[in-house]
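The values are calculated or read from the model by the stated rules, or taken from the named source; none is laboratory data. This one's a predicted model, so the numbers in the text were calculated from it and none came from an experiment. Here the Cβ positions follow ideal geometry from the backbone for every residue, glycine too, while neighbour counts run over all protein chains shown. When the accessible area is computed, the model is the full protein with side chains, heavy atoms only, and any ligands, DNA or RNA have been set aside. Shrake-Rupley method; radii C 1.70, N 1.55, O 1.52, S 1.80 Å.
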Amino acid sequence: MTSVINIRPVTSDDFPQWRLLWDGYNAFYGRAGDTALPEAITLATWDRFHNQAEPVHALVAVDGSLIVGLVHYLFHRSTTRLNEVCYLQDLFTRPSHRGLRIAQNLIEAVYAAAREAGSSRVYWQTQASNASGRALYDKVAHHAGFIVYAHEL
């Protein structure tokens, strides 16, 4: 393992390594095997990262030539702010590279991208049971006490 982890935008050549992490991320949230995301969703998500018209972005953390983390984020309008806000949707670090501040560096890279885009807020959600993630999130952001509700259509 090299001593420097670089954070950079995902490139089209990254697909095989990104896919391994994407699958790991989805498995963490119970989307594997019979409950896996349809392949069309994975491919559409990947295509959106490379389409300038899309507000969806991806960064990866790289150790040498190995992708060891990913973060996906998007910008959208808000009814409570004049500028767009940034939603950090997905964050995952390769298990072998946890504890090296990679997730924190990915979050901070999203903060920088949001500032550059003129956004005044970055937010995300996680499961209440994600204790290791929440330990980090409590250090880098403020939990506002909101509970998320969803209804599938």
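Points worth noting:
- Any chance Phe92 is in contact with a helix residue (DSSP H, G or I) (Cβ under 6 Å, 6 or more places away or on another chain) and open to solvent by less than 50 Å² (accessible area, probe 1.4 Å): yes
- For the residues Val60, Val10, the requirement of being touching a Gly at 6+ places or on another chain (Cβ under 8 Å) and of a type in the set (A, V, I, L, M) singles out Val60.
- Residues that are open to solvent by 20 Å² or more (accessible area, probe 1.4 Å), at pLDDT 95 or above and farther than 21 Å from Tyr137 by Cβ occur in the stretch 22-33; there is at least one.
- Unique residue being of a type in the set (Lys, Arg) and within 15 Å of the chain's Cα centre (by Cα) when the list is Arg121, Arg134: Arg134
- Identification of helices (runs of 4 or more DSSP H) wholly contained in the stretch 12-121 with 1 or more residues that are in contact (Cβ under 8 Å) with a residue 60 or more places away in the chain and touching a strand residue (DSSP E or B) at 6+ places or on another chain (Cβ under 6 Å) yields 15-28, 102-116.
- Scanning the stretch 2-19 for residues that are within 25 Å of Arg134 (Cα to Cα), open to solvent by 20 Å² or more (accessible area, probe 1.4 Å), among the polar types (S, T, N, Q) and more than 12 Å from the chain's Cα centre (by Cα) turns up at least one hit.
- Residue list for the stretch 114-138, filter: polar (S, T, N, Q) and open to solvent by 30 Å² or more (accessible area, probe 1.4 Å): Ser120, Gln125, Thr126, Gln127, Ser129, Ser132
- Per the listing His57, His142, His72, His151, the residue uniquely over 24 Å from Arg31 (Cβ atoms) and either open to solvent by 80 Å² or more (accessible area, probe 1.4 Å) or modelled with pLDDT of 95 or more (or both) is His142.
- Annotation: of all residues in the stretch 34-49 being open to solvent by less than 80 Å² (accessible area, probe 1.4 Å) and not small (Gly, Ala, Ser), the one that is nearest to Cys86 (Cα to Cα) is Phe49.
- The one condition in (1) surrounded by 14 or more Cβ atoms within 10 Å (Cβ to Cβ); (2) more than 15 Å from Ile7 (Cβ to Cβ) that Tyr111 fails to fulfil: (2)
- Residues (more than 30 Å from Val4 (Cβ to Cβ) and open to solvent by 50 Å² or more (accessible area, probe 1.4 Å)) located in the stretch 76-89: His76, Arg77, Thr79, Thr80, Arg81, Leu82, Asn83, Glu84
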